[in-house]
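Derivation of every value follows stated rules applied to the coordinates shown; laboratory data play no part. No experiment lies behind these values; they were computed from the predicted model shown. Don't worry about glycine lacking a Cβ; one is built from the backbone with ideal geometry, like all the others, and counts go over all protein chains shown.
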Amino acid sequence: MFNAKFKILSLFILIALLPCSGNTQTISMLFAGDAMQHQAQLDNAYNNGTYKYNNFDAIKDEISSADIAVVNFETTLGGKPYSGYPAFCSPTEFATALKDCGFDIFLTANNHSLDRGSNGVFKTIEILDSLKIKHLGTYNSQNERNIEHPFIIRKGNIKIGMLNYTYGTNGIVAKQGAIINYIDTTIIKRDIAFCKIKKCDIIIANMHWGDEYQLIPNIHQKRLSEWLHKNGVRIVIGSHPHVVQPITVETDSCGNIENITVFSLGNFISNMKTKMTMGAIIFKLFVTKEQDKIKITNPQYSKIFTQRPDVVKNSNFAVIPCDSTTINNINLPQKLREDMKIFNNEIDNLFNKHNKGEIIEYFFSKKSLHSCIKQK
């Protein structure tokens with residue numbers, strides 16, 4: 001009898017000590033670079049008085065599959081007349097297309113935030129709110145910023161603190177109370193502290209920084225990245241250079257990931273035409289919470305490329321995968337194939353030489369190439 005009770009008691013103790021799978025959760029996060037609208041893109045999207053964006057068919061499934069997908073919204077929604085560089089202003093349909101593609105969070109702090117002045121900031125926020133698109137980086141007032149930044153998002157039992165800042169706004173000054181998140185370490189440190197007070201499991205800083213068209217991050221990016229990690233930011237995602245820059249993954253002595261910096265993701269979509277501005281990467285990772293411990297795992301990237309109608313005649317702008325399968329597809333026009341091959345090889349060379357830590361390239365399933373190069 002005593003033996004039986006002892007066995008039952010031992011079983012209860014063993015069950016109590018076993019980890020509970022219900023307390024473990026993993027989410028996927030995906031980050032994309034500069035979503036831009038040059039004049040050629042606006043002209044291409046215009047259709048009988050409205051704007052139609054069929055840019056993302058080939059990558060929609062991949063973006064939508066992430067639990068949280070983030071994009072740098074590098075334009076404004078300031079109303080007509082719409083315009084490209086140097087003062088970006090886009091129709092609402094562009095934001096809707098990005099949302100329909102699967103993006104959950106728009107970053108609005110960048111050097112073009114004030115391209116339509118403070119009224120453009122107010123209008124952009126109004127439209128994003130009306131579309132129920134989560135966003136951070138620009139605000140109607142200091143009071144609104146105090147309430148809404150840092151942006152804290154919860155997925156299941158994982159709480160994420162999201163930050164977004166820009167180096168500047170091309171010399172344009174915000175007026176009428178509009179607030180832009182500028183890079184200021186005093187303010188950033190306060191925002192990080194707030195995330196910690198709110199018991200965020202992980203803090204992510206999205207930084208609009210660096211030198212345009214430079215493949216290697218400058219000393220200021222490197223120092224700020226180190227400072228951010230030192231102060232508790234585990235993931236740093238960069239934008240602005242319009243080209244891809246290297247990735248750094250730091251691990252502890254046991255090989256567990258401590259911090260990640262992606263210095264620049266490149267142009268998610270644009271009409272830029274130099275060899276390294278036509279493509280980008282999307283970056284993905286996984287965050288796991290188990291018994292109040294947070295792990296970052298499987299950092300990975302996939303190359304993408306902007307197909308332009310001046311290369312594929314009578315087509316839309318389109319973001320397509322840039323991997324060997326796509327490049328070698330017999331349906332791919334020769335000029336597009338050559339441009340993609342150059343970009344693909346240059347990124348391989350850049351990452352092989354300058355990436356630090358283990359980061360893998362991944363390939364996602366996509367629709368047939370016919371859907372990528374279909375005519376308007």
Using all C-alpha to C-alpha distances in the range 124-164, build P(r) with 5 Å bins and read off the rounded percent in each one.
6, 21, 26, 26, 15, 6, 1
Charge dipole of the chain about the Cα centre (unit charges at C-beta), most positive-ward option of LEU128, MET207, THR24
THR24
What distance in nm separates the two pseudo spin-label positions at PHE286 and GLU361, each 7 Å out from Cα along the beta-carbon direction?
2.2
Full-stretch length increase - ILE147, ASN349 - with 0.36 nm per residue and alpha-carbon distance subtracted:
68.3 nm
In degrees, nearest 10, the alpha-carbon axis of helix 334-354 is tilted away from the dominant principal axis of the alpha carbons of the chain by 40
Describe numerically, in nm with one decimal, the distance between label points set 7 Å from Cα along Cα→Cβ at THR50 and at ASP129.
2.6
For ILE152, which sequence-distant residues (separation of 5 or more, or a different chain) have an amide H within less than 5 Å of its own amide H, given hydrogens modelled in the peptide plane?
MET162
Starting from 0.36 nm per residue, how many nanometres of slack lie between LYS273 and HIS220 once their C-alpha separation is accounted for?
16.4 nm
Taking the mean number of other Cβ atoms within 10 Å as a proxy for protection, how do you rank 130-143, 33-46 from highest to lowest?
33-46, 130-143
From the P(r) of the chain, can you give the percent of Cα pairs sitting at distances over 27 Å?
49
When Rg is the radius of gyration of the Cα atoms in the range 49-114 and Rh is its Kirkwood radius, what does Rg/Rh come to?
0.99
Kirkwood hydrodynamic radius over Cα pairs of the range 194-263, then Stokes diffusion coefficient at 20 °C and 1.002 mPa s, in µm²/s:
168
When the chain is fully extended, how far beyond the present Cα-Cα distance does ASP252 get from THR325, taking 0.36 nm per residue of separation?
22.7 nm
Compute the distance in nm between two label points, each set 7 Å from the Cα along the Cα-to-Cβ direction, one at SER28 and one at ASN231.
3.3
Arrange the peptides 123-129, 250-256, 160-166 so that the one whose residues have, on average, the most other Cβ atoms within 10 Å appears first.
160-166, 123-129, 250-256
Would you mind listing how long the range 115-185 runs along its three principal axes, going by Cα atoms, in whole Å with the largest first?
41, 32, 20
Test item: Cα-centred dipole of the chain, Lys/Arg +1 and Asp/Glu -1 on Cβ, debye:
580
Violating pairs (Cα-Cα greater than 29 angstrom) within the set LYS134/LYS189; LYS99/LYS289; LYS123/LYS289; LYS198/LYS303
LYS123/LYS289; LYS198/LYS303
When the Cα centres of the range 316-340 and the range 207-276 are compared, how far apart do they sit, in Å?
26
Based on the Cβ-Cβ distance from LYS189 to GLU338, what FRET efficiency comes out when R0 is 45 Å, to the nearest 0.05?
0.40
Ordering of 227-234, 113-120 by packing [mean C-beta count within 10 Å, highest first]
113-120, 227-234
Output needed: percent of Cα pairs per 10 Å distance bin for the range 124-263, bins running from 0 to the one holding the longest distance.
11, 38, 37, 13, 1, 0
